[in-house]
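A short worksheet on the structure shown next.
The values are calculated or read from the model by the stated rules, or taken from the named source; none is laboratory data. Here the structure is a predicted model, which is why all the values come from computation and not from measurement. Glycine also receives a Cβ, built like all others from the backbone with ideal geometry; neighbour counts cover every protein chain displayed.
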Amino acid sequence: MIQGLFETHINVSDVQKSAAFYEKLPGVIPLYEDPVRKSRFYWIGQPGEAMLGIRENYPSPLVQRQHFAFRIALGDMAEARDRLLALGLHPENFRGESAEQLIVFPFMPAVSIYFDDPDGHSLEFIAMLPDEPRPELEMMYWDEWERMQGRK
């Protein structure tokens, strides 16, 4: 049973620059550095739950935009958005709009916030909602979802 992302490795153009970025994100814990391979590894959340590896220009100098999501608690979504803003990032919802209004994916259901790392990789903080999946519904703003669930 998959319970979350465990390991993701991404190619970066400058391991030092990317390390400085990732080490500022909440819940990213430095684990290991391999200076020969220009790689760094991090625990994500609790040690042993999930790992991120960054490698400079491996296997080639071509950097492709990649995407991955970090699972976070629903109650941490507002703080995550505030921290991204404090880092000078531009968090967005799925539609590319301001993160002031986040989008719910009813088929899961989950709410998320998107942002980019220094190499333009698409990153996401995602939190599951405590409701039943509604795959018949289109994506909607979180406020709309909460009203529909009778919580607002």
Scan (1) crowded, with 18+ Cβ neighbours inside 10 Å; (2) aromatic (Phe, Trp, Tyr); (3) not assigned by TED's automatic domain parsing to the domain that holds Ser122 for the single condition Phe70 breaks and write down its number.
(3)
Tally time: how many residues in the range 100-152 are over 26 Å from His9 (Cα atoms) and part of a loop (DSSP other than H, G, I, E, B)?
21
Residue check, Arg95 against (1) closer than 21 Å to Asp119 by Cβ; (2) in a loop (DSSP other than H, G, I, E, B), all met but one. Which one?
(1)
Being small (Gly, Ala, Ser), surrounded by 19 or more Cβ atoms within 10 Å (Cβ to Cβ) and either under 13 Å from the mean Cα position of the chain (by Cα) or in the same structural domain as Ile10 (by TED's automatic domain parsing) (or both): is that true of Ser122 here?
no
If you check every pair at least six apart or on different chains, which have Cβ atoms under 8 Å apart with a residue in the range 11-29 that is touching a residue at least 40 places away in the same chain (Cβ under 8 Å) first and a residue that is in a helix (DSSP H, G or I) and crowded, with 19+ Cβ neighbours inside 10 Å second?
Val12/Ser18; Pro26/Ala80
The correct count of residues that are among the hydroxyl-bearing types (Ser, Thr, Tyr) and more than 18 Å from Ile44 (Cβ to Cβ) in the range 96-152 is 2
Kindly provide the set of residues from the range 42-78 that are at pLDDT 85 or above and among the charged types (D, E, K, R), ordered by number.
Arg55, Glu56, Arg71, Asp76
Please count how many residues of the range 18-50 are closer than 19 Å to Asp119 by Cβ and among the small types (Gly, Ala, Ser).
4
Would you confirm, using the coordinates I've provided, whether Asp119 is modelled with pLDDT of 95 or more and acidic (Asp, Glu)?
no
Criterion first (within 24 Å of Tyr42 (Cα to Cα), crowded, with 16+ Cβ neighbours inside 10 Å and free of Cβ contacts under 8 Å to residues at least 40 places away in the same chain) does Tyr58 satisfy it?
no
